[in-house]
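Heads up, the thing below is written out as structure tokens.
Every number here is computed from the coordinates shown, using simple stated rules; none is lab data. Source: prediction; values computed, not measured. Every residue, glycine among them, receives a Cβ derived from its backbone with ideal geometry; neighbour counts consider all protein chains shown.
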């Protein structure tokens, strides 16, 4: 069985280093490819000589490779190597121990989990529209310019826009709100933020729309598909934390149990 791991050395972890992670994977007989500037991640994943394909990176990188494994019909190995690693957390992996996740290559247990689609783009966690999406786009803009004040600028934008609501249509219903979020399965709600997911195999999208300012309440809807539009021809979105622009309206759908994921057996290292 050909086992292959792609590693994003710029995903945000300091220990272990990308080289240490690669060495540990090779010790398990896994072929490793470290990303370099200019690499096309989906194309690398499509060409990887693999019967089992893994990605060590953040949620955005994981989603890109997961889409390829789904198309190729091969299992996916998740190695948490990013800043937040929400998908790895909800999958039950130890986000603080990416080396332990490598055990899935040797004798992993297969799990089937849902994936979402937003206008054809796969997402593992969620898609956010509105204020948070604007912040993600602004952060990326300043990151590319190597602007050291990016966080302060994003904070200023939050303060300026916290009362500003945008216009959307959700399945034809007009909505004015600061944020619209579509989750792959249900999230726990914690005041102004989303928490964890208990399941990744419910087979449902969950729509979240906050209402109010001083006392926030959440409107929640479970469904298998929905459509979200905007007065603009394209909508800024954050897809698994990555800034993208999607054609309006955006068609969302769930693909139940579509993704084959190998995870370590309990107690396996």
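DSSP bridge analysis restricted to the chain gives an antiparallel fraction near 75%, rounded to the nearest 5.
With a ≥ b ≥ c the root eigenvalues of the C-alpha gyration tensor of the range 1-42, is it rounded (a/c under 1.5), prolate (a/b larger than b/c) or oblate? Because a/c hits 1.5 or more and a/b fails to exceed b/c, the range 1-42 counts as oblate. In the range 167-269, the convex hull through the Cα atoms has an average projected area of 8.3 nm², a quarter of its surface area.
Suppose the chain between residue 174 and residue 112 were pulled fully straight at 0.36 nm per residue; how much longer would it get relative to their current alpha carbon spacing?
18.8 nm
Annotation: peptides 98-107, 62-71, ranked by per-residue average of other Cβ atoms within 10 Å with the highest first, follow the order 62-71, 98-107.
The mean sequence separation of alpha-carbon pairs under 8 Å and at least six residues apart, normalised by the residue count of the range 3-107, gives a relative contact order of 30 percent.
For the chain, the relative contact order works out to 22 percent when only alpha carbon pairs closer than 8 Å and six or more residues apart are counted. Axis of helix 18-27 versus longest Cα principal axis of the chain: the two differ by about 40°, to the nearest ten degrees.
Computed from the mean reciprocal separation of all distinct C-alpha pairs, what Kirkwood hydrodynamic radius does the range 19-92 have, in Å? Don't skip to the end; give the middle numbers.
Numbers: mean 1/r = 0.0784 Å⁻¹.
Hydrodynamic radius (Kirkwood, Cα only) of the range 19-92 equals 12.8 Å.
Do the sum for the chain: with -39,500 (n - 2.57) for every DSSP H run of n ≥ 4, divided by all residues, what is the mean residue ellipticity at 222 nm, to the nearest 500 deg cm²/dmol? Could you put the intermediate results ahead of the total?
Details: 8 runs with 71 residues, N = 269.
It comes out at -7500 deg cm²/dmol, rounded to the nearest 500.
Take peptides 219-229, 233-243, 255-265 and line them up by average Cβ neighbours within 10 Å, highest first, as a rough protection proxy. Spell out each step's value before the answer.
Numbers: 219-229: 15.0, 233-243: 20.2, 255-265: 17.6.
Descending mean neighbour count gives 233-243, 255-265, 219-229.
Taking the longest Cα principal axis of the chain as reference, the axis of helix 150-161 is set at about 30 degrees.
Which of the three applies to the chain, rounded, prolate or oblate, going by the alpha-carbon gyration tensor with a ≥ b ≥ c and a/c under 1.5 meaning rounded? Don't jump to the answer; show the numbers that get you there.
On the way: a/c = 1.93, a/b = 1.57, b/c = 1.24.
Prolate shape, in that a/c is at least 1.5 and a/b is the bigger ratio.
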